[in-house]
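Working notes, structure below.
Just so you know, all these numbers are worked out from the coordinates, no wet-lab data involved. Nothing here was measured: the structure is a model prediction, and the numbers come from that model. Quick reminder, even Gly has a Cβ in these numbers, built from the backbone with ideal geometry, and neighbours come from all protein chains shown.
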Amino acid sequence: MMRGLSLSGYIALAVLLLPQSPAASDVTFSRDVAPIVFEHCVYCHRAGNIAPFSMMTYGAVRPWAKSIRLEVLTRRMPPWFAAPSPGKFSHDRRLSDADIQTIVAWIDSGAREGNPPEIPSPPQFSDGWQIGRPDLVVTMSEAYKIPASGVVPPVLLPTDYVFPEDTWVQAIEVRPGNLTVVHQALARLGSGGIADSLNLYSSGLGATMFREGYGKFIPKGTRVHLQMHYTTTGRESTDRTQVGFKFAVKPVHTEVRTGIAEANATPVPVLLESHQGTSTFPLPSTNARIHGFRLHMATRGGNAAATLVLPDGSRRVLFAAAGWGDNWEHEYVLSKPEAIPSGAVVEFTASYDGPVQKLPRETHVLYFEWTEVNETNRNDLQPIAISANPLFTTGVLR
């Protein structure tokens, strides 16, 4: 391990380890950098969204060039906490080494615009629902008041609708009523301690949507609840968040379920530098598949891992996270689902880092989507989750 190396030293080393850069004089924003920015950055970096500045145009990007150089070299941006291995993910947001080298070469050569007609068409984003026009919208029963200052504890709030019959849904989306104060909003079935997760609104996450034939089951008599995490802004305000649903049009052959494993810390001695929590989630006595992971850790969260413990006692790491940032969450969708034999257990371990005087109980949770293998899906090894795309504006799920 290298010791005593400054941040600038790490950056210099990172540059040396990257592939050979393109000729600096040839790199322009219009031709070389804009395609990278449009693919990896503008989902958040656009007007009215969560990032602090837009990256939709050369004029908007150029003042931030030096900051962008640092963020991409240290891989803080785009934020992505999954370790390089194990696991291969669809919609991986990490920049390739070649992309980083292109951005660095562009900035180091003067961050030139180039020929504006060479810039590709920027992606188009809808201000409406990501899932298209919902078949059903449920709303918090009452508006919730957020104070001007202080810490607002997480709160669980009911919505105004009870499902009158068993229902299969293929897409779910949480839409905050007040973006300035909603840090996170989790739609869940029921109000008990461990309830099924439907969709989380958070920086970096989109709607929950499944391919035809897969869906979430909502039993008759269920009321969806919203677990809300608010932040204060210096002014009193209110929020009334909504949840939109698209019903399954064709029969659902496979129910998508959410496994929830909590590796929570209990109070520990004063001045403890770090601590680990572990929990397990036993899967049913049938062959199954895991399709993806979502990690939620408190502000002191460090690294985490999900390990498959097989009936014979052997172990295999399925997912690992290197570091954590409370402002970003991601759905790590596996490029190929992981086969889980009957009787296996998922073990979740999370670390809590940093010196503290007192460590209260903290929430560190692993969510993972899983399905049982049946005759219909036996040979289906593609991701079941799909991203928002223009098809959803027509209300057609594919």
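A simple spin-label model places the labels of residue 151 and residue 66 3.5 nm from each other, with each point 7 Å out along Cα-to-Cβ.
Each of 206, 146, 107 was scored by the projection of its Cα onto the charge dipole of the stretch 105-213, and the greatest displacement toward the positive side belongs to 146; charges sit on the C-beta of Lys, Arg, Asp and Glu.
Counted by Cβ distance under 9 Å from residue 205, the other residues give a net charge of -1, where Lys and Arg count +1 and Asp and Glu count -1. Sorting 55, 209 by the number of Cβ atoms found within 10 Å of their own Cβ, with the fewest placed first, yields 55, 209.
Per-residue extension of 0.36 nm, minus the Cα-Cα distance of residue 143 and residue 47, leaves a gain of 31.9 nm for this segment. For the stretch 36-156, averaging the sequence separation of C-alpha pairs within contact (under 8 Å, six or more residues apart) and dividing by the residue count gives a relative contact order of 20 percent. For the pairs 88/220; 220/336; 220/250, note any where the Cα-Cα span goes beyond 30 Å. Result: 88/220; 220/336 exceed 30 Å. Return the FRET efficiency for the residue pair residue 118, residue 96: r is the Cβ-Cβ distance, R0 is 25 Å, and the value is rounded to the nearest 0.05. E between residue 118 and residue 96, to the nearest 0.05, is 0.75.
Taking the stretch 368-383 and a reference point 7 angstrom along Cα→Cβ of residue 286, the backbone N atoms nearer than 16 Å belong to 370-380. In terms of surrounding Cβ atoms within a 10 Å radius of their Cβ, 235, 69 rank from fewest to most as 235, 69. How would you classify the stretch 165-223 from its alpha-carbon gyration tensor, with a ≥ b ≥ c the square roots of the eigenvalues: rounded for a/c under 1.5, else prolate if a/b is greater than b/c, otherwise oblate? Here the stretch 165-223 falls in the oblate category.
With R₀ set to 25 Å, the beta-carbon distance separating residue 162 from residue 240 gives a calculated FRET efficiency near 0.90.
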